[in-house]
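Written out below as structure tokens is the structure these notes cover.
The values are calculated or read from the model by the stated rules, or taken from the named source; none is laboratory data. None of the values given here were measured: they were computed from a predicted structure. Note that we place each Cβ from the backbone using ideal geometry, even for glycine, and neighbour counts take in every protein chain shown. Calculation scope for accessible area: heavy atoms of the full protein, side chains included, ligands and nucleic acids excluded. Shrake-Rupley method; radii C 1.70, N 1.55, O 1.52, S 1.80 Å.
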Amino acid sequence: MMQIEQTIFRDAPQKISGRLRKLFEQAPHAPLEPVLLHQQPVKQRQLFIRRAIEDGRLVFAQLLPVNGDGHRVNVHATVKKLTNDRFLFQAHNLSYVVHFTQINYIASL
């Protein structure tokens, strides 16, 4: 019994350090880019945006970046019209001002 306890205590530091090394050597997970949804037809997006604004609905939208340096974003937000082609999506503590062409997909929740 004493010999088993000595073996456990003798081998424990190597086992613990080996497992910790594996844990910390793993590459950190990069945030995944949202899956690109099929772009809705222009008329459908216009209709959904108009209805969302009129009814004050919460919507799900996929917003595209202005240029290639950005990332697409999926957002649950309310929509407000700023100009004919500019919209404000407000979600909790984030706001997105986008041009109509940046709205890839929109759906009511």
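Kindly indicate whether Thr83 is open to solvent by less than 70 Å² (accessible area, probe 1.4 Å) and among the polar types (S, T, N, Q). No.
Being modelled with pLDDT under 75 and open to solvent by less than 100 Å² (accessible area, probe 1.4 Å) is the filter here, so list the residues in region 20-54 that pass it.
Leu20, Ala27, Ala30
Let's see how each residue does on (1) outside any loop (DSSP other than H, G, I, E, B); (2) among the charged types (D, E, K, R); (3) over 20 Å from the mean Cα position of the chain (by Cα):
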residue: Ile53; (1), (2), (3): yes, no, yes
residue: Asn67; (1), (2), (3): no, no, no
residue: His71; (1), (2), (3): no, no, no
residue: His76; (1), (2), (3): yes, no, no
residue: Val79; (1), (2), (3): yes, no, no
residue: Tyr105; (1), (2), (3): yes, no, no
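Can you tell me which of Leu109, Leu58 is of a type in the set (A, V, I, L, M), over 16 Å from Glu33 (Cβ atoms) and open to solvent by 90 Å² or more (accessible area, probe 1.4 Å)?
Leu109
In region 81-103, which residue that is assigned to a loop (DSSP other than H, G, I, E, B) and in contact with a helix residue (DSSP H, G or I) (Cβ under 9 Å, 6 or more places away or on another chain) is nearest to Glu33 (Cα to Cα)? Lay out the reasoning, then the answer.
If we filter region 81-103 for residues that are assigned to a loop (DSSP other than H, G, I, E, B), which is where we start, we get 82-85, 92-93.
If we keep only those that are in contact with a helix residue (DSSP H, G or I) (Cβ under 9 Å, 6 or more places away or on another chain) as well, we get 84-85.
Working: Asn84: 29, Asp85: 26 Å.
That would be Asp85.
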